[in-house]
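Notes for the one structure printed next.
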Amino acid sequence: MNALAATNRNFRHAARILGLDPKLEKSLLIPFREIKVECTIPKDDGTLASYVGFRVQHDNARGPMKGGIRYHPEFMHDQANMDYETHICGLLKHIRIALVVSSKEDQRSNLGDIESVTRSHEVDPDEVNALAQLMTWKTAVADIPYGGAKGGIGCNPRDLSISELERLTRVFTQKIHDLIGIHRDTMAWILDEYSKFHGHSPAVVTGKPIDLGGSLGREAATGLGVVFATEALLTENEKSISDMKFALQGFGNVGSWAAKFIHERGGKVVAVSDITGALKNPNGIDIPALLKYKDDNGTLKDFKGGDSMDPNDLLVCECDVLIPCALGGVLNKDNAADVKAKFIIEAANHPTDPEADEILSRKGVLILPDIYANSGGVTVSYFEWVQNIQGFMWDEEKVNFELSRYMRRAFHEIKAMCKIHDCNLRMGAFTLGVNRVARATLLRGWEA
């Protein structure tokens, strides 16, 4: 089942539990706006390339529509945080954009003959739509005043130079700048490009470098939020991180930070994987040493502190807590019955197919859903937005304290919905988020 079908299924289940009017249900499901643009840029070798970009703005009943941009072929294959979900954080390995723009002339006068233009990878609009919708429910669960959006450009970032990525980002921003804004759509080349049209607007993008108004703590926020969420779930079940063995699929931004914080809290990380390989150590991996090794070598391969393993085996290895931090749909009907973890923390978006959800539930596995578990990133993006609007920046201690408070509060609110509706954690989170958006929609008189 693809991501959009699974997301729609979860939404409709929550709508039935809540008893929503069918007209309101339809209104909440249909995106506010879908944008598709062609972005043609000159490449470094003088040829022209054309890329398709999408922006889906799902819902703005509770506030401006928030969501990053992915640069990816077919908008799939994320390996955790090759989700070049742009926050302009430095144009380094993982170009992260948030929503700022910088624009030179489109240079279309120099595009040349149409035959010299090559068309790049397609972006999957269903994937963009699903992630925009998930962001609507995610921000509502976190109780931050945003709606959901998502963008994608169909390209392989590894095939483009930094200057080509910059040109592509700027052209994409030029095409959509009238439809985004500080109070409309929050996404960092974009900051510069957007500001050319609308004046200096630091709050239009989040995930910016600190020197451009970014927030302390943003880089680690999703991984730290995952750990705060894990602590809340384990405490509810009279356990602690220090009692548990963890396996993490994905060792990019989210997985590496989560592993670091788990290790610092006394948890034992027994298996990790990323696109370069997988390794295991039943006695616990030395996470600081692994982080240094990967930083130095760019790979997990040949790390001496663990044994190599098949990456597919990580999902079914012996552990107490499984944290998928990378791809969607990795837990499915084919492997769910073999999962040995007692708890699953969904740090990735949509890692568990509905069929797997049912199998795991019958086994008694507790699943902390993505729309809560990985909401730390968007929560600290909200903090950054607030700081930019106020012109008053927080220290990292305050950022992390507020993130902990928001994550704890949301968990207790999810549990309350589980009790009211006699449902699992996924439906507790979905009913919480959908109910908040539905109430805002009715109060604003926007129902269909």
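The values are calculated or read from the model by the stated rules, or taken from the named source; none is laboratory data. Fair warning: this is a prediction, and the values are worked out from it, not measured in the lab. Cβ sites come from the backbone with ideal geometry, for glycine too, and all protein chains shown count toward neighbours. Just the protein is used for accessible areas: all its heavy atoms, side chains included, with ligands, DNA and RNA removed. Shrake-Rupley method; radii C 1.70, N 1.55, O 1.52, S 1.80 Å.
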Given the criteria surrounded by fewer than 23 Cβ atoms within 10 Å (Cβ to Cβ) and part of a helix (DSSP H, G or I), does Thr235 qualify? yes
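One line per residue, one yes/no per condition, for (1) farther than 17 Å from Pro369 by Cα; (2) charged (D, E, K, R); (3) at pLDDT 95 or above; (4) open to solvent by less than 40 Å² (accessible area, probe 1.4 Å):
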position	(1), (2), (3), (4)
Ile210	yes, no, no, no
Lys239	yes, yes, yes, no
Ser242	yes, no, yes, no
Ser256	yes, no, yes, yes
With Leu300, Leu327 as the choices, which residue is in a loop (DSSP other than H, G, I, E, B), open to solvent by 30 Å² or more (accessible area, probe 1.4 Å) and of a type outside the set (D, E, K, R)? Leu327
Does Ala356 qualify as being touching a strand residue (DSSP E or B) at 6+ places or on another chain (Cβ under 7 Å), part of a helix (DSSP H, G or I) and over 18 Å from Leu233 (Cα atoms)? yes
Keeping to segment 387-440, report how many residues are closer than 30 Å to Lys208 by Cβ and of a type in the set (S, T, N, Q). 5
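Rundown of residues vs (1) at pLDDT below 95; (2) part of a helix (DSSP H, G or I), yes/no style:
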residue: Cys155; (1), (2): yes, no
residue: Arg170; (1), (2): yes, yes
residue: Leu191; (1), (2): yes, yes
residue: Ala203; (1), (2): yes, yes
residue: Thr206; (1), (2): yes, no
residue: Gly217; (1), (2): yes, no
residue: Gly225; (1), (2): no, yes
Sole exception among (1) at pLDDT 95 or above; (2) open to solvent by 30 Å² or more (accessible area, probe 1.4 Å) for Ile345, by number: (2)
Which condition number in (1) out of contact with any helix residue (DSSP H, G or I) (no Cβ under 8 Å at 6 or more places or on another chain); (2) farther than 17 Å from Glu127 by Cβ is the one that Leu327 fails? (2)
From the list Thr431, Thr352, Thr379, pick out the single residue that is crowded, with 21+ Cβ neighbours inside 10 Å, within 26 Å of Gly217 (Cβ to Cβ) and of a type in the set (S, T, N, Q). Thr379
Among what's in segment 5-36 and is in contact with a strand residue (DSSP E or B) (Cβ under 8 Å, 6 or more places away or on another chain) and open to solvent by 80 Å² or more (accessible area, probe 1.4 Å), pick the residue that is farthest from Asn424 (Cα to Cα). Lys36
